Structures are given as C-alpha cells and as structure tokens.
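Each value in this text was obtained by applying a stated rule to the coordinates, not by laboratory testing. No experiment lies behind these values; they were computed from the predicted model shown. Here Cβ is always computed from backbone atoms with ideal geometry, including for glycine, and neighbour counts include all displayed protein chains.
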Amino acid sequence: MAENGERAFLRLDSDWTPMADGRGVLTLKLSNSSALSFFADFRLAFTSLFPLLSDGQLRGARLVERISNYHVIAPPKGFVLAPSGSWSVSAELRHSLQHYTSAVKSAYLICEDGGLVAVESVPTTRNHQAGAPQLKPFQLLSELSRRRPAVAVLPFPCTVQVAGRRDVATALHLVGGPPEAQSGFEAAAALGQRLFPSESPLFVRTGGVPCEARIAEMAAEAYRIEFADGATLHASSRAGFFYGLVTLGQMLRAAHHAPDQFAFPSRGKIVDAPRFAWRGMLLDVARQIFSPEELLRVLDCLAWHKLNRFHLHLTDDEGWRLDIPGYPQLAERGGWRGHGLPVPPLLGSPPKRYGIVYSRVMLTHLARRAEELAIILIPEIEMPGHCYAMLQALPELRDPADRGIYRNVLNPAIAQTYEVLEAILDEVARLFSSPWIHIGADEVPADAWLGSPRAKALMQDHGWQDNHQLQSYFLQRMQEIIRRFGRRTGAWEEAAFAGGVDPRDSYLVAWRASASGRALAEQGYDVVLSPGEAYYLDMAQSDDWWEPGMDWAGTVSPQRCYIYDPGSDWPDELKSRLLGVQACLWSEHLHHRQLLDRMAVPRLSAVAESAWTPASFKDFRRFVTLGDLMPKTGIG
C-alpha cells in the first residue's frame, strides 16, 4: 500500500487457484494507471507469509532475489509496462494456501535508478472470487442460547452464592483496610479508568457502594467477597485484594450497562482462587512493531482477565528489539528492516525503514505497570534458531566455511557466540526482574549445522551423532549463564531433546500438541501448556479464505479454544508439574493492526477462564453472554 496517504498508481492483484493434488497456481498482475512507462530494468518486490516462488516455478518473470518471504522478480527482457498496461506472472506452488494472509502482503517497485515506487497490494483472492478480509473481532454464534449468570464476572469465580439486588451507585469506594488493599484499590481504579475512559469511574475515593477490606488467611491470589451493607473483601495479599476489586468492578460495570440482565447482589458471598498459578499470554513483538503505549494497553487487558504472565518474544528472524551495551549493531542493524538494509522488508512491512528498539526507560515504565497489575514480564531471546536478524547484525558469528542453507541459526562451535550471548543475557537480567529468562530453542532444523566444518569438528570431538546433541550442549551452556544471574530457564518443548536443559531449574512450554506437555512432565519438567490446536491465537477461527490466520494446527474457533481442558489427559501423579497455561499471539499477520483484536478477541477470554475457573464450572453459554463485556485492545 502507499504510505502516508501517497496515492499508488501501480496496483498488484493476486489470486490463488488450488489444484486437486494440494498444489496450486499463484497469479500476479501488476497494473499501471499512471501516465508513466516502466522499462524492463524495473523489478517488483513483494512479501508474503511463506516463501512463494522459486526461479523454476515462474512464468512471465525471473526471480532476482528471495530472502525468506521477501521476493524480487523482474519482467522478461525488453518488456515495458506502459500506461494502462499490465504485467502478469504465474507460478505453480507445491504447497497449499488456506487463508489470504498466507499469500501476498505488500509490494513496491524498484526502478532502474534505484528509486522506489509505491504499489497498492490487494489481498489475494482464491479462484478470483470476491470477498474481504475479516477485520472486526470475531462474533460468537448469535443462535447459541445464552445463559444469564448469577454475576457478570469473567473468568467466572469458583463459588458464587448471591441473591437480591442492590441499587448501585456510580462506583465503589474503599472505606478501610490494610495497605495491601489500599494499593490494590488504587491500581484497580487506575486500570478501570484506562480501559473505559468514556464511562463513569468504577472506583472512587468517597461515595457509592462501600467496600471494607480485611486481611484473611488464604492463598496468595485468592479472595472472598461478602455482600451485606455493601461489600467486605477478604484476602491475604495485594494480588488477592486487586483480583477481588477487579471482580467487583466487572459486576458494577455490567449492572450499569445492562441493569435488566445483571444485578449487584445485596447479600451472599463469592469465594474465589485461580486454578493455575501460571496464567499467561505471549505477544510476538519481533515480527511487527508494538509501541510502548500498545504494550501497556495489552497489559491492562490481561489484568482485567486476571492473567499474570506477559511473555515478550523480543527477537526473531525479522527483528531485534533490545539495545545491548557493547553490541550496538544489534539495535542498529537488527532492530530495523527495509529496502537495502541488512534485514529486508518482510511480512508486509514497507520498504522504508521500519522497526523499534525498546530503551531502558521504555521497559522500566512497562515493568512498573506490570508490577502494579500483579503481572510478571517474561523476556524471550530466541536461540539458537530464528536468529537471522541477530546474525545479519553480527555476521562474524557465522562459520565462513559453512556451506549449509540455513542462515538463521547460531553456531555452537563459534566461541564468540557465547561471549555475545552472555552480554545479552546480562542486560536482559538487568532489564527484567522475572525469575525466568526464556531462550526459545524451537524449530532448529535437524541438519542445521551439517554444512559447518567447525560444528562438525565439535561433534566429532564429543562423539555426538546428531544435531540434537549439539543443540543440547549449547542450551546447557546458556542455562549455566542464566543460573549465574540467579534466574531459571524457560524454553519451548524442543529444549528437552537429547538430554536437553536441566529440569531442576527450568520450565518448558508445550506448543505442538496437548500430549507433548504430558511427555515433558514424564521427563521431570515443569510445563506450561500452550498447544497450537487450542491456544495459538494466530490460528484461523474458521475455514473461510477471508478469515485471517495460520492453519498448521487446524481451525481454532472460540468454542474449540474454550472447551479445551488443560491437563485433563494427565495422570494425577504428574499434575504437580503443570504450572498453567498460556495463549500465544504470533504477529506475522499483524501488519494490519486491526487484526490484533480479530485474533485475540474473544479467545483470550476463553484462555483466561480455563486458567482461572475449575473445569467443572466452565459453561460456554455463560461465556457467550459475558464475552461482549470484556475490553478490546483497540490497537489499530
């Protein structure tokens, strides 16, 4: 698309035509509505989610360059794109595309003199059928019968025994309580104002529904609310008071919005505590830009859902987001992508310089907000795979004699790799107070280092037969560095390969399938469940071509996300290893920012309820009724 309102006189249309054997034909048509002619030395650059073309597949063009999902193609010799003219290209693909977001995302023209021309890239159609991307938050099935709950709270409390109806004032005020309650009240009041700025305050210093807070002996995040003359809130910690106040705020807001449906009770009690200690969400901030203000908004939405872990995926092939003392190249070269830069435009980003690097000031502000909201920030530095941006910034970390095809994997046989990574982890430990530092470890190809003489020599020295043993060696060295900083190691499930990281001070995230988490627990690992078939929010929510998202884990509708019961297939003797659950929102598709809420809402609410509410208390009809009351990020 043209940037900053600039009109694009060139337009790229594309279409995917599937074939019976799973393959298909991608056609591209570049149309010129300007008064200019573009001669044969121009090139067309475009991005997608997956690599779409190779030179042998193309008809009507030749492939000049391809880096991951960034393609540059050129027309046949002597071709001229005249005014009102067009250029058509086709390619037969050996893989299938299921949703428009897998195909063409952005495009621009590179002129003979190196100048760039904007191209309007229209979302790829299938079989030339008309349609439009689904951008608005997913609507739950209207024909599904709804159930009016006793209280309008999501995630739903463990025990609800309430009756009566109180004429609610505009807000709730705290009439007394310990410092922990006062602090929780201030945080809840500020949270309500930020999430719902155009509505009446939910919490005020005087007037409204009186709430008294009292210390009680119970679990750290538990609370109890007794309704009589107002409300009495019992908890043992600031987090417990904060969660109880969020519950009261949700009830007040529902009573204001729909008094004929929801009441603020005049008597009874709510007794509540979370099902899991770990209730999280991952946001991929490496592949797209998220401003500090947007991250703060996501934090607020998590807190309103009583989620308490925010996993920041800070580095990947497409971007590096931290400034590391001693290695400014990481921020300067790895933190930005664009035409002519070490990292090209990828995943729909524009040809102009695109990126962000989070400063210490930014992250300090984010950490302060997280602490107010009882949320722990968990940083992830992806390694040894998914490191293209890092290696483009520090090419000396590559084995110059490596003849392999993988350009995004750190080499465990390069001594300087460990020096750089120790400096990185040192800074991460300074920036984040989290008990855990996550080091990735996923999706390293089985033959990643077979083209490197140094890696092969290291394997021979130790008598290793495959790459998994080499990766385990690398990860164990990282774990030892993390131990020296007083932290525990987090990683994806592949970190268990070939002995893997030490289970005694690590946790692993099971993402491939629910059953893989149980297998990790059997090996002695603490596990966070985040299976793609239920909790990956970047999966498409329907089979419609115009539904954004991935498809490798199938279709993940809100109902499928909600009914998944984490740990239900685990034997009792392993359940102590199940720390909790985590939603993952990978950002390959979020170049259109309106898609963030399309992906997250209402599935994030579904994950939150499974993380907090006992499985036997879940009710999808109730969830449908309450889901519309939950806040959206509004990003985009």
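Along the charge dipole of the chain, pointing to its positive end and built from +1/-1 on Cβ of Lys, Arg, Asp and Glu, which listed residue (433, 271, 375) has its Cα farthest out? The residue sitting most towards the positive pole is 271. Report summary: the helix-based calculation at 222 nm, which adds -39500 (n - 2.57) for every DSSP H run with n ≥ 4 and divides by the residues of the chain, gives -8000 deg cm²/dmol.
Mean sequence separation of contacting Cα pairs (under 8 Å, at least six apart), scaled by the length of region 159-272, corresponds to a relative contact order of 36 percent. Between helix 415-431 and the chain there is an angle of about 30 degrees, using the helix long axis and the longest principal axis of the Cα atoms.
Considering only beta bridges that DSSP places wholly inside the chain, some 55 percent are antiparallel.
Per-residue Cβ neighbour counts within 10 Å put 424, 481 in the sequence 481, 424, beginning with the fewest.
Under the simplified labelling scheme, the residue 77-residue 63 pair shows an inter-label distance of 2.2 nm, with each label point 7 Å from Cα along Cα→Cβ.
Taking amide hydrogens as placed 1.01 Å from N in the peptide plane, the amide H of residue 103 sits under 5 Å from those of 49, each at least 5 positions away in sequence or on another chain.
So what is the relative contact order of region 212-277, in percent, for Cα pairs below 8 Å that sit 6 or more residues apart?
Numbers: 103 pairs, mean separation 24.1, N = 66.
The value is 37 percent.
Using R0 = 45 Å, the C-beta based FRET efficiency linking residue 430 and residue 219 works out to 0.90. Modelled spin-label separation between residue 513 and residue 190, with each label point placed 7 Å from Cα along the Cα-to-Cβ direction: 4.6 nm. Computed from label points 7 Å out along Cα-Cβ, the spacing between residue 17 and residue 477 is 5.3 nm. Taking Cα atoms only, the orientation of helix 360-372 departs from the longest principal axis of the chain by about 30 degrees. In region 201-225, whose amide N lies under 20 Å from the spot 7 Å out along Cα-to-Cβ of residue 159? List them in ranges. Inside the label zone: 212-225. Based on the Cβ-Cβ distance from residue 258 to residue 415, what FRET efficiency comes out when R0 is 56 Å, to the nearest 0.05? So the FRET efficiency works out to roughly 0.30. Summing charges over all other residues whose Cβ lies under 12 Å from the Cβ of residue 94, with Lys and Arg as +1 and Asp and Glu as -1, gives -1.
Rounded to the nearest 0.05, the FRET efficiency derived from the C-beta distance between residue 127 and residue 183 at R0 = 45 Å is 0.15.
Multiplying the residue separation of residue 25 and residue 88 by 0.36 nm and removing their Cα-Cα distance gives an extension gain of 21.4 nm. Mean separation of Cα pairs under 8 Å and 6 or more residues apart, divided by the residue count, gives the chain a relative contact order of 13 percent.
For the chain, with only Lys/Arg (+1) and Asp/Glu (-1) charged at the beta-carbon, what is the dipole magnitude about the Cα centre, in debye rounded to 20? Intermediate values should be presented prior to the final figure.
Working: 64 positive and 71 negative charges, 226 e Å.
For the chain, the charge dipole is close to 1080 debye.
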